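The values are calculated or read from the model by the stated rules, or taken from the named source; none is laboratory data. From a predicted model like this one, the values you see are computed outputs, not experimental measurements. Positions of Cβ are backbone-derived with ideal geometry, glycine not excepted, and every protein chain shown enters the neighbour counts.
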Amino acid sequence: MKLKNIYLLVFIFILLFSGCTKPAKSKFEVNVEISYSSESVSVINKSVSEANESITLKISSPLADIGSATLKIEDMNNTSNIKSVNMTAVDQYTYTASFKINEAGKYKITGIFLLGGDTYESNNSLILNIYDYQKELNPNLKFKNIKTNEIIDSTELYDPYRYYTALVSFDNNLLYNSDFTYKIYFDSNLIESGSLKNKTFESTPMFFENKKHTISVEVYDTQNNGFGRTTVEVNPKNIDTTFNFSFELHKDSFNGDLVSKNSTLTTNEPLYALINLNEKYDLPASYTYKISTEDTTIESTMLAEKSFKYGPFYLKDGDINLNISVINEVTEYSTEIIYPLKVKQFDEFDATLEIYKKDYMNKNILITDDTTLTTRDPIFFKIRVNKNYDFSNDLKYQIILKKDGKDYKEPIELTSNATELETNTMFFEKGSYELDLTIIKEDTKYTKKYYKYFRISEVINNFELEYTLEQKKSDGSIISYFMPEEINVDPLSDKLNEFNIKFNLKTAYTYPATYVYTFSVNGKDEYVSEPIQTRTNTVFTSYKFPSGHNLVEISVKDVDNNFEVKKYFEVLVKEDQPPDLYRVTLDNQLVYSYDPENNISTINNIIISTPTTNPIINIEFIDESFIKTRSSLTISVKVYETNKNYQFSLLKDNLPEGKKVGFYGVLEGITLDSTQTWEIKIDSSQIVDEFDNSKADKYDSEPYSVIFKTK
């Protein structure tokens, strides 16, 4: 059975069944839409001569074969004027209809679908505006030259590159003095629209170029649905848009000396250019003025003015062809002048680039190829500029520092009119350095480059110590001893025991360092300086050496790295005191002792718990001076209880030559017990100091004697 017959049976069944039910609403869910020319538009504007329309109606269910459709056309200005147009089914979902409207007006079109007694109206409707171009508005166009106020019609040629306004007028017999709107198109571009009541109006200015233009005006009678359009073409006059210009080149100012072609100039002479245009036809255009050489654009500026001046500018050395050109940015017409010149290089300035370091006295030391620089040297750079003529312009300085061929630290850039510049002090790591300096005078681009190379070594941790002893004389004069090893002082002579000690350092470096100076006598610090940077003539004044033999140590220490240098010498201050008996021990017990600082002698009776045969004896002597050495010492021992006398030869001990001397030996044949009284005697002529002092000489051969008891 055909599908159409099936739908028909279903439809009949529905009709029969519907007679038994309440017709409250449709049996189908049907959506209806209409469209114009297959486009979903809502408003259509048409001329009455073109109002042959084709409308499409679509339904959402395949019921077109069993239903019917019509178009309802309603005159919106006269709602009682309603027309109906039957539609033809194209397929199961689509209807179409064509119709023609002969009267201008505004119409609303709605789609109606009928099925089984139910009516379905389209969800949307179309608004159709029909205009009668022939009987409505007919705008008339003329054009006014803004500059001259000359009025032309569309058949006349216009002056190109001028602004014109459109003068619009029209026959308004059908307007009934109502409001109307308008639109103006210039070369298909909408340039103006608005609402007016006047019969004539003037548009905004339009720029007419040197070509054919199309101007269109549309006028709408908003109350009576009137419409009119006028389109015209206008053409330009044939004009000459070429131009030329005059050019002047001056030195020093715009009013300075005139520079002619092939003149000879220098690179530091300021030049000023003057350009004036001469047009055959006045053009409201912008012009690009350009001044250039073969490889450099000096200036390029776009202006609306017919004249241009520029300066100062400078030329580089050589045979220069100065090119001056002007371009009309509207017509793109251009012309140029070539101005040949000879330019000589002028050395505007010279400069020196120097490297300095500061020494420990904060003095500046100029670095040469032979100068040693270390990581502890404070270094700075100095630039001096010598102007070869008077100018006040700033100079641009660029300083680049490289280490081992690579950029080191950030480049320094500054601009200044100072002729002497100095950087802050800097410390550098070990390595090879290159210092590049570029100086630029911006206005003339005069440039000078300078290079310096230097090397930084590891710090030098050594120095030499020199010293001088200055001895005062009784007459006030001074005797100087440079680095002596030994000085003999006789207090009874005219050379006094009063000295100045002067320190001097010899260093292979100059960087600042901090030192401590020390002066010691016989192991005791007599002078310790505060940490100071002084390296020359550090003086410890008015020192008196103790009597006798003095061992002197002077030292200097670099507190930054603990490097230290020590020097030694001896000062012998003559004295007349013989050596003293210092210590006597018997069988490791102290029998006799002497305190030289307090001049106190002490004799001890020793305790013998067990008799000792052949006891060991030790004897020491002390003096302010060195005691002359001898290999042995003869002593005598008397034991009173046995009334026996003994004589022994003692050997020198291992004490070095100095202010003490000792002897030891075994007392063979003697038994030491707890009931004895001993007397030890030593011939004092055996003990002599370096000044030949002996107790024998001073006290008539009085021996050294010690008497003690045992218990």
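Listed here are the residues, each with its yes/no results for (1) among the β-branched types (Val, Ile, Thr); (2) in contact with a Lys or Arg (Cβ under 6 Å, 6 or more places away or on another chain); (3) assigned to a strand (DSSP E or B).
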residue	(1), (2), (3)
Ser193	no, yes, yes
Ile215	yes, no, yes
Val219	yes, no, yes
Asp240	no, yes, no
Phe245	no, no, yes
Glu248	no, no, yes
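Among the residues of region 162-191 satisfying the criterion of being modelled with pLDDT of 90 or more and outside any strand (DSSP E or B), which is farthest from Thr148 (Cα to Cα)?
Looking at the filtered set, the residue picked out is Ser188.
In this structure, is Leu274 over 30 Å from Asn238 (Cβ atoms), assigned to a strand (DSSP E or B) and either touching a residue at least 12 places away in the same chain (Cβ under 8 Å) or of a type in the set (S, T, N, Q) (or both)?
yes
With respect to Leu126, determine if the residue is in contact (Cβ under 8 Å) with a residue 12 or more places away in the chain, outside any loop (DSSP other than H, G, I, E, B) and farther than 18 Å from Asn52 by Cα.
no
Output the residue which, of all residues in region 279-304 that are polar (S, T, N, Q) and at pLDDT 95 or above, is farthest from the chain's Cα centre (by Cα).
So, considering only residues that are polar (S, T, N, Q) and at pLDDT 95 or above, the one farthest from the chain's Cα centre (by Cα) is Thr288.
Need at least 3 residues that are within 26 Å of the chain's Cα centre (by Cα) and of a type in the set (Lys, Arg) per element, so show me which strands (runs of 3 or more DSSP E) inside region 439-490 make the cut, counting only ones lying wholly within it.
On the way: elements: 446-456, 463-473, 478-482, 486-489.
Ranges flagged: 446-456.
For the structure I just gave you, tell me whether Asn255 is part of a loop (DSSP other than H, G, I, E, B), surrounded by fewer than 16 Cβ atoms within 10 Å (Cβ to Cβ) and on the phi > 0 side of the Ramachandran plot.
Details: part of a loop (DSSP other than H, G, I, E, B): yes; surrounded by fewer than 16 Cβ atoms within 10 Å (Cβ to Cβ): yes; on the phi > 0 side of the Ramachandran plot: no.
Considered against the rule, which asks whether it is part of a loop (DSSP other than H, G, I, E, B), surrounded by fewer than 16 Cβ atoms within 10 Å (Cβ to Cβ) and on the phi > 0 side of the Ramachandran plot, Asn255 comes out as no.
Select from region 484-513 the residues that are at pLDDT 90 or above, closer than 30 Å to Glu458 by Cβ and loosely packed, with under 15 Cβ neighbours inside 10 Å and list them in ascending order.
Lys506 - this is the single residue of region 484-513 that is at pLDDT 90 or above, closer than 30 Å to Glu458 by Cβ and loosely packed, with under 15 Cβ neighbours inside 10 Å.
Looking at (1) hydrophobic (A, V, I, L, M, F, W, C); (2) at pLDDT 95 or above; (3) surrounded by 19 or more Cβ atoms within 10 Å (Cβ to Cβ); (4) assigned by TED's automatic domain parsing to the domain that holds Phe428, which one does Leu373 not meet, given that it meets all the others?
All conditions are met except number (2).
Condition test on Tyr389, is it surrounded by 15 or more Cβ atoms within 10 Å (Cβ to Cβ), outside the structural domain of Ser263 (by TED's automatic domain parsing), of a type outside the set (Lys, Arg) and touching a residue at least 24 places away in the same chain (Cβ under 8 Å)?
So Tyr389 does not fit the description; no.
Could you grab me the full set of residues in region 310-328 that are touching a residue at least 40 places away in the same chain (Cβ under 8 Å), of a type outside the set (A, V, I, L, M) and under 23 Å from Thr242 (Cα atoms)?
Hit for region 310-328 is Asn328, nothing else.
For region 555-600, which residues satisfy the criterion of being under 59 Å from the mean Cα position of the chain (by Cα) and of a type in the set (S, T, N, Q)?
Ser555, Asn561, Asn562
Is it the case that region 336-349 has a residue that's assigned to a strand (DSSP E or B), over 29 Å from Asn424 (Cα atoms) and without any contact (Cβ under 8 Å) to a residue 40 or more places away in the chain? Give the steps one after another, and end with the answer.
Here is the first cut: in region 336-349, the ones assigned to a strand (DSSP E or B) are 336-344, 349.
Filter once more, so that each one left must be over 29 Å from Asn424 (Cα atoms): 336-344.
Next cut, without any contact (Cβ under 8 Å) to a residue 40 or more places away in the chain only: 336, 338.
Yes; the residues of region 336-349 include at least one that is assigned to a strand (DSSP E or B), over 29 Å from Asn424 (Cα atoms) and without any contact (Cβ under 8 Å) to a residue 40 or more places away in the chain.
Is there a residue being farther than 30 Å from Tyr517 by Cα and either surrounded by fewer than 17 Cβ atoms within 10 Å (Cβ to Cβ) or among the β-branched types (Val, Ile, Thr) (or both) anywhere in region 551-573?
No: region 551-573 contains no residue that is farther than 30 Å from Tyr517 by Cα and either surrounded by fewer than 17 Cβ atoms within 10 Å (Cβ to Cβ) or among the β-branched types (Val, Ile, Thr) (or both).
Each row is one residue, and each column tells you yes or no for (1) among the aliphatic types (A, V, I, L, M); (2) in contact with a strand residue (DSSP E or B) (Cβ under 6 Å, 6 or more places away or on another chain).
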{"position": "Thr447", "(1), (2)": "no, yes"}
{"position": "Ile478", "(1), (2)": "yes, yes"}
{"position": "Tyr481", "(1), (2)": "no, yes"}
{"position": "Ile487", "(1), (2)": "yes, yes"}
{"position": "Asp490", "(1), (2)": "no, no"}
{"position": "Asn497", "(1), (2)": "no, yes"}
{"position": "Asn504", "(1), (2)": "no, yes"}
{"position": "Thr507", "(1), (2)": "no, yes"}
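Which one of these does Gln577 not meet: (1) surrounded by fewer than 17 Cβ atoms within 10 Å (Cβ to Cβ); (2) modelled with pLDDT of 95 or more; (3) more than 27 Å from Ser480 (Cβ to Cβ)?
Unmet for Gln577, out of (1) surrounded by fewer than 17 Cβ atoms within 10 Å (Cβ to Cβ); (2) modelled with pLDDT of 95 or more; (3) more than 27 Å from Ser480 (Cβ to Cβ): (2).
Considering only region 341-363, state which residues are surrounded by 14 or more Cβ atoms within 10 Å (Cβ to Cβ) and within 30 Å of the chain's Cα centre (by Cα).
Listed by number, the residues that qualify are Phe349, Ala351, Leu353, Glu354, Ile355, Tyr356, Lys357, Lys358.
Residue check, Lys406 against (1) within 24 Å of Ile440 (Cα to Cα); (2) surrounded by 15 or more Cβ atoms within 10 Å (Cβ to Cβ), all met but one. Which one?
Result: Lys406 passes all but (2).
Does Ile338 satisfy being farther than 23 Å from Tyr446 by Cβ, in the same structural domain as His250 (by TED's automatic domain parsing), at pLDDT 95 or above and surrounded by 16 or more Cβ atoms within 10 Å (Cβ to Cβ)?
Against the criterion (farther than 23 Å from Tyr446 by Cβ, in the same structural domain as His250 (by TED's automatic domain parsing), at pLDDT 95 or above and surrounded by 16 or more Cβ atoms within 10 Å (Cβ to Cβ)), Ile338 does not qualify.
Considering only region 419-430, state which residues are surrounded by 14 or more Cβ atoms within 10 Å (Cβ to Cβ) and of a type in the set (A, V, I, L, M, F, W, C).
Residues satisfying the conditions are Leu421, Phe428.
Among the residues of region 396-420, how many are part of a strand (DSSP E or B) and within 21 Å of the chain's Cα centre (by Cα)?
Kept after step one, since they are part of a strand (DSSP E or B), are these residues of region 396-420: 396-403, 406-407, 412-416, 420.
Those left that are additionally within 21 Å of the chain's Cα centre (by Cα): 396-403, 406-407, 412-416.
Residues that pass the stated criteria total 15.
Under the condition of being free of Cβ contacts under 8 Å to residues at least 60 places away in the same chain and more than 46 Å from the chain's Cα centre (by Cα), which residue from region 239-252 is surrounded by the most Cβ atoms within 10 Å (Cβ to Cβ)?
Ranking the qualifying residues of region 239-252, first place goes to Ser246.
Determine whether region 259-266 contains at least one residue that is basic (Lys, Arg), free of Cβ contacts under 8 Å to residues at least 60 places away in the same chain and either assigned to a loop (DSSP other than H, G, I, E, B) or in contact with a helix residue (DSSP H, G or I) (Cβ under 7 Å, 6 or more places away or on another chain) (or both).
Let us first name the residues in region 259-266 that are basic (Lys, Arg), namely 261.
Subset that is free of Cβ contacts under 8 Å to residues at least 60 places away in the same chain: none.
Checking region 259-266: not a single residue is basic (Lys, Arg), free of Cβ contacts under 8 Å to residues at least 60 places away in the same chain and either assigned to a loop (DSSP other than H, G, I, E, B) or in contact with a helix residue (DSSP H, G or I) (Cβ under 7 Å, 6 or more places away or on another chain) (or both).
Which residues, taken from region 529-550, are at positive phi, surrounded by fewer than 17 Cβ atoms within 10 Å (Cβ to Cβ) and touching a residue at least 40 places away in the same chain (Cβ under 8 Å)?
Initially, region 529-550 is screened for residues at positive phi, giving 537, 542, 548.
Narrowing further to those that are surrounded by fewer than 17 Cβ atoms within 10 Å (Cβ to Cβ): 537, 542.
Listed by number, the list holds a single entry, Ser542.
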